[in-house]
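Heads up, the thing below is written out as structure tokens.
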Amino acid sequence: MKRIAASALPLAVAVTALLAGSLPAQAHTGSSGSYATKTVYEPQQSLRTYQSAPRGFVPVFTENVSRHGARAATSSEDGDLILALWDQAQSEGELTSRGKKFGPEVRSLLAAQAKIGYGQLTGLGKQEIQDTAVRLEKRLPGLFSQIAKDSEQIDVVSSGKDRAVDSGNLFAAALGDNDPAVKSLIGAPRTDPDLLYFHKSAGGAAYRAYIANDQRLATTLEKITDQPATEAAARRVLRKIFTKSFVDRISAGEFSSVGTDVEAAEAVYNLYSIAPALSAEGTWHMKRYIAPKDAAWFAYLSDAEDFYEKGPGFAGSDITYKMASVLLDDFFAKIEAKRAGTSTLGAELRFTHAEEIIPLAALMGLPGSTEQATEDDPYTYANNTWRGESVAPMTANIQWDLFRKGSTYLVRMLYNEKETAFKQGCRPVSKGSYFYDVDELERCFGRATG
């Protein structure tokens, strides 16, 4: 993350470099729509392209952790804020021709979310979860045949929050419908907030103190947000809806009891970013109210907050992700029990939230989650590969499959259904392989007792 000194570059190039450090890159991973962690889910690899296990190895266990499916917004706050301004502008004739369509569209979007229930799974979210269950079975048909033959159990556990509970239930039902032979082996869903809502449990106390009290965090996020680029983007967004004179009044603080210009523009962005999750409930044209470059800027601000509050965070500190150890330990414990012959489980299925997936990705050193930021070189899209859309989109998932041959056990990891190497320093069974000996993973993650 070392930045080249501007003085060492020709002026034109230096300006370009400095802008790149403050403006988000338009070329994100995948087909970005600048939705950050509200990005709807897409599997990252085709079922037909996975590596075969080394000769003689057969699957004997699988476990995962998944974020819940696409959901409605958690409240109507953004819609209420921007509609208060819209109603005032409408009463004064201060709407643009495009802006006249905005209010009814937002009200329709809010009504759809209220009907579902704020924070609840949308039709798309339900389908995402069901589809991931079907693909899981298709990837490991031999495993589920063996689970049925040996009457092994399939455990389903969630954080206890509605959308995670519902995701677990839908996943289990889809798995059973797709493979009726295992339907009776799927255990009653249970909850474990200490494991799957750890940021709000006892194990997250130090983390919560960091969020509430760390001055470095507050100062850094304030500096990232309080840039001229933010004010400029906010005005461009609002000018699509309101006349210039009305936007000037918002910026001057006339409606501060409702919100600032930046808060109003963020509300528009938040409505834009949640709309794709509701594609099964209706059609909304929120893209007409925010240009791609402005959506990208507000996505960057959202990503910066998640990066420092949940992700890799500040160099030399593990406060944002150390608490995920409880979940990583559980992954290893299930593998170890299976190898020791003390487990009757054929599958362990966990359902949680972005607040758990993001720190777990950092703790595990997953792609895009390995770089931290120094205090004097803050996180930007130009100097760091971390993106909410790829680290923790809706339905994001991490899966470990356990394979056995005699007394040797191998693990393969999938991240958003893509074969993924374990962190640097872990050695696969052969060059280019995605299979790792369990003993090697124990060593690599510092679990070997020797």
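The values are calculated or read from the model by the stated rules, or taken from the named source; none is laboratory data. All values reported here derive from a predicted model rather than from experimental measurement. Because the Cβ atoms are built from the backbone with ideal geometry, glycine has one as well, and the counts that use them run over all protein chains shown. Side chains are part of the model used for accessible areas, which takes the heavy atoms of the whole protein and leaves out ligands, DNA and RNA. Shrake-Rupley method; radii C 1.70, N 1.55, O 1.52, S 1.80 Å.
Worth a mention:
- When each of the peptides 123-132, 47-56, 311-320 is scored by the mean number of other C-beta atoms lying within 10 Å of its residues, the order from highest to lowest reads 123-132, 311-320, 47-56.
- Residue ranges 84-97, 171-184 sort as 171-184, 84-97 when ordered by packing (mean number of other C-beta atoms within 10 Å per residue, highest first).
- For Phe351, nonlocal amide neighbours, meaning residues 5 or more places apart or on other chains whose placed amide H falls under 5 Å from its own, are Ser66, Val157, Ser158, Ser159.
- Less than 5 angstrom separates the built amide H of Tyr35 from none of the residues sequence-distant by 5 or more or on a different chain.
- Charge dipole of the chain about the Cα centre (unit charges at C-beta), most positive-ward option of Ile224, Ala173, Leu85: Ala173
- Per residue, the accessible area of the chain comes to 43 Å² when a 1.4 Å probe rolls over the protein heavy atoms.
- Segment 138-143 - phi-based ³J(HN,Hα) in whole Hz, Karplus 6.51/-1.76/1.60, Gly and Pro as x: 5, 6, 10, x, x, 5
- Rounded FRET efficiency, nearest 0.05, which uses the C-beta distance separating Gln146 from Lys183 and R0 of 22 Å: 0.90
- Whole-Hz couplings from phi, Karplus 6.51/-1.76/1.60, listed for segment 320-335; x for Gly and Pro: 7, 10, 4, 5, 6, 4, 4, 7, 5, 4, 5, 4, 5, 4, 5, 5
- Label-to-label distance for Lys101 and Gln44 is 3.6 nm, based on points extended 7 Å past Cα in the beta-carbon direction.
- Simple Cβ-charge dipole of the chain, Lys/Arg +1 and Asp/Glu -1, about Cα centre, in debye nearest 20: 1220 debye
- Of all DSSP beta bridges in the chain, antiparallel share, percent nearest 5: 60 percent
- Solvent-accessible area, 1.4 Å probe, carbon plus sulfur percent, for segment 175-312: 51 percent
- Shown in residue order for segment 181-189 are the 3J(HN,Hα) couplings computed by the Karplus curve 6.51 cos²θ - 1.76 cosθ + 1.60 at θ = phi - 60°: 5, 9, 4, 6, 8, 7, x, 4, x Hz (x for Gly and Pro).
- In this structure the amide hydrogen of Lys418, modeled in the peptide plane, comes within under 5 Å of the amide hydrogens of Gln44, none closer than 5 places in sequence on its chain.
- The residue among Phe57, Leu185, Leu441 whose Cα reaches farthest toward the positive pole of the charge dipole of the chain, with charges on the beta-carbon of Lys, Arg, Asp and Glu, is Phe57.
- Per-pair calculated FRET efficiency, R0 = 30 Å: Ser75 and Ala333 via Cβ, rounded to 0.05: 0.25
- Mean Cα-pair separation over length for segment 135-252, i.e. relative contact order, pairs under 8 Å, 6 or more apart, %: 20 percent
- Calculated [θ] (222 nm, deg cm²/dmol) that DSSP helices of n ≥ 4 give over the chain, each run adding -39,500 (n - 2.57): -14000 deg cm²/dmol
- Relative packing of 185-194, 377-386, which averages over residues the other C-beta atoms within 10 Å, highest first: 377-386, 185-194
- Segment 334-376 and segment 198-275 have Cα centres separated by 31 Å.
- Across segment 328-450, C-alpha contacts under 8 Å between residues 6 or more apart give a mean separation that, scaled by the residue count, equals a relative contact order of 17 percent.
- Heavy-atom surface analysis with a 1.4 Å probe gives segment 73-160 a carbon and sulfur content of 45 percent of its accessible area.
- Cα-based helix-to-principal-axis angle, 77-92 vs the chain, degrees rounded to 10: 20 degrees
- Atom-type composition of the exposed protein surface of segment 321-414 places 49 percent of the accessible area on carbon and sulfur (1.4 angstrom probe).
- Average Cα contact separation per residue, the chain, under 8 Å, 6 or more apart, as relative contact order %: 29 percent
- Dipole magnitude of segment 199-311, debye to nearest 20 (Cβ charges: Lys/Arg +1, Asp/Glu -1, about Cα centre): 300 debye
- Put a plus charge on the Cβ of each Lys and Arg, a minus charge on the Cβ of each Asp and Glu, and nothing anywhere else: the dipole of segment 118-231 about its Cα centre is then about 80 debye.
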